[in-house]
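This report refers to the structure that appears directly beneath it.
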Ligand code: GDP
């Protein structure tokens, strides 16, 4: 039915006089108890960042407007974008360095390879883009901002050390993002290297190697001796072909910020990975709350370029402020349009500081199940011992019913960390801890991102809570 001005003001949590002012601006002489028709309600709600029907945010509404669908005929193949993940000291950085040293196209005379956050490797006529910041933390923090830039994850596992806790984290983070994994079994030059043990351990975590009858591609490599690199790159291209990665180069650019900083001489500098369309010098752009015009673009070899197509990373100058890694970048019609969108977003942020973004919480689970908003309840389990993780996982999965599937996306031993909270944000998950607590920084991040973190001492208490939430019988927490 129709809603009164007073109720709408309450729903949007804005002052009713302000709302009346807006309505007058639209030519509607309104008073507090006046009922508004649907169209007007929708218009006003959109101004405050809400869509009535689908519960979309302002950013989503703007993105719908900025990002049009491409027709299938307009799409052509694009290079894959790869992230390197794995346990600390297993050789992520060394592997990236060796690939760059041996495969990046020869530099211009006197030119220096410039760090811009991504490098492009050329193999015959094919290209692969490597993101330069290794690790699943960077990957997931981008995803927590809604950005998905990685097409393929390279999981580095040291052959002398095997699968370790961060290897498992990386596997689960890649799986949660639905990104295919290729395993590089590194340090094969070491006498203690034991690739069979690595394969055995991978199997235990759901990655069954191809030569063991499974589907996971594993490649033995040595980053130090530069062995196996060609095979690894070939496998990346193979997986990329199977994924049919495509984009339309002939449209306004859409991309994602992968790095950004304030440079003393040059002002805000950002590296953008162009994902669709072609970005050109002098295009008007918007990224997060930064707007402006592309003043110059520099590629990974320090060369100035005039345009950048899909799967190209370029450093850009000309933004009004420093955007965040993970912000989407759009080329728009003109500077004015870019500025208007940026201003709308700034206003929205001010309002959001009052009402923070809601991730899923157990208290609200039942309502969300009823309205069909959740079908999967994603759960991250942290515990003091591995045995508890398995026990909770099994018990929780059994709680699944027709309405909701309980889905453990990650389990690990140790305190609840910022990485866990980021994964929870990126995957709309709740975090459960047994005999472990969040670190202070994880706690703060969870508050900011409204991630529901619950700690328990007894397993059945957790199971009881989740069961009650699914059935709508959870006692509200105050
Ligand atoms: P990251 O923490 O995963 O980025 O690991 P690094 O690339 O920093 O490597 C950790 C250590 O392992 C360094 O001392 C490297 O020299 C060494 N390392 C990396 N790759 C290899 C390899 O293929 N063989 C051997 N023997 N050592 C390696």
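The values are calculated or read from the model by the stated rules, or taken from the named source; none is laboratory data. Computed from a predicted structure; not experimentally measured. Cβ: placed from backbone, ideal geometry, glycine included. Neighbour counts: every protein chain shown.
Among the strands (runs of 3 or more DSSP E) lying completely within the range 361-452, list those that include at least 1 residues that are farther than 17 Å from residue 465 by Cβ.
376-383, 405-413
Being modelled with pLDDT under 90 and within 20 Å of the chain's Cα centre (by Cα) narrows it down to one of 348, 358, so name that one.
Answer to the selection: 358.
For the range 293-314, give me each residue that is buried (at least 18 other Cβ atoms within 10 Å of the Cβ) and more than 18 Å from residue 256 (Cα to Cα).
Within the range 293-314, just 301 meets the criteria.
Considering the range 119-166 alone, what residues qualify as being part of a loop (DSSP other than H, G, I, E, B) and away from the ligand (no atom under 16 Å from the Cβ)? Before you say what the answer is, go through the steps one by one.
Let us first name the residues in the range 119-166 that are part of a loop (DSSP other than H, G, I, E, B), namely 124-125, 132-135, 145-151, 159-164.
Result: 124, 125, 145, 146, 147, 148, 149, 150, 151.
Within the range 73-101, track down each residue that is under 30 Å from residue 248 (Cα atoms), within 12 Å of the ligand (Cβ to nearest atom) and not in a helix (DSSP H, G or I).
Selection gives 84, 85.
Residue by residue, here is whether (1) at pLDDT below 85; (2) within 30 Å of residue 134 (Cα to Cα) holds:
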site	(1), (2)
3	yes, no
21	no, no
47	yes, no
50	yes, no
53	yes, no
87	no, yes
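Looking at (1) exposed (fewer than 15 other Cβ atoms within 10 Å of the Cβ); (2) more than 16 Å from the ligand (Cβ to nearest atom); (3) under 25 Å from residue 386 (Cβ atoms); (4) at pLDDT below 95, which is the only condition residue 213 fails?
(3)
Checking residue 386 against (1) surrounded by fewer than 15 Cβ atoms within 10 Å (Cβ to Cβ); (2) more than 25 Å from the chain's Cα centre (by Cα); (3) touching a residue at least 60 places away in the same chain (Cβ under 8 Å), only one condition comes out false. Which one?
(3)
Between a first residue in the range 171-190 that is modelled with pLDDT of 95 or more and a second residue that is in a helix (DSSP H, G or I) and near the ligand (Cβ under 10 Å from one of its atoms), which pairs have beta carbons less than 7 Å apart while being 6 or more apart in sequence or on different chains?
Between residues of the range 171-190 that are modelled with pLDDT of 95 or more and residues that are in a helix (DSSP H, G or I) and near the ligand (Cβ under 10 Å from one of its atoms), the close pairs are 184/95; 186/95.
Looking at 343, 299, which is the one that is under 25 Å from residue 80 (Cα atoms) and either at pLDDT 95 or above or over 22 Å from the mean Cα position of the chain (by Cα) (or both)?
Working: 343 fails: under 25 Å from residue 80 (Cα atoms).
Going through 343, 299 in turn, the sole match is 299.
Could you check how many residues of the range 174-204 are within 10 Å of residue 155 (Cβ to Cβ), part of a helix (DSSP H, G or I) and either within 16 Å of the ligand (Cβ to nearest atom) or more than 30 Å from the chain's Cα centre (by Cα) (or both)?
Here the count works out to 1.
State yes or no: is residue 400 at pLDDT 85 or above and touching a strand residue (DSSP E or B) at 6+ places or on another chain (Cβ under 7 Å)?
Yes; evaluated as a whole, the condition is true for this residue.
Being away from the ligand (no atom under 16 Å from the Cβ) and surrounded by fewer than 24 Cβ atoms within 10 Å (Cβ to Cβ): is that true of residue 318 here?
On the way: away from the ligand (no atom under 16 Å from the Cβ): yes; surrounded by fewer than 24 Cβ atoms within 10 Å (Cβ to Cβ): yes.
So residue 318 passes the test.
Taking the range 140-161 only, how many residues are in contact with a helix residue (DSSP H, G or I) (Cβ under 6 Å, 6 or more places away or on another chain) and more than 19 Å from residue 234 (Cα to Cα)?
Of the residues in the range 140-161, 5 are in contact with a helix residue (DSSP H, G or I) (Cβ under 6 Å, 6 or more places away or on another chain) and more than 19 Å from residue 234 (Cα to Cα).
Please work out if residue 207 is within 16 Å of the ligand (Cβ to nearest atom) and under 28 Å from the mean Cα position of the chain (by Cα).
Answer is no for this residue.
Mind telling me which of the residues 229, 245 ends up being in contact (Cβ under 8 Å) with a residue 40 or more places away in the chain and farther than 30 Å from residue 323 by Cβ? Talk me through it step by step, then tell me what you get.
Details: 245 fails: farther than 30 Å from residue 323 by Cβ.
None of the others qualify; the one that does is 229.
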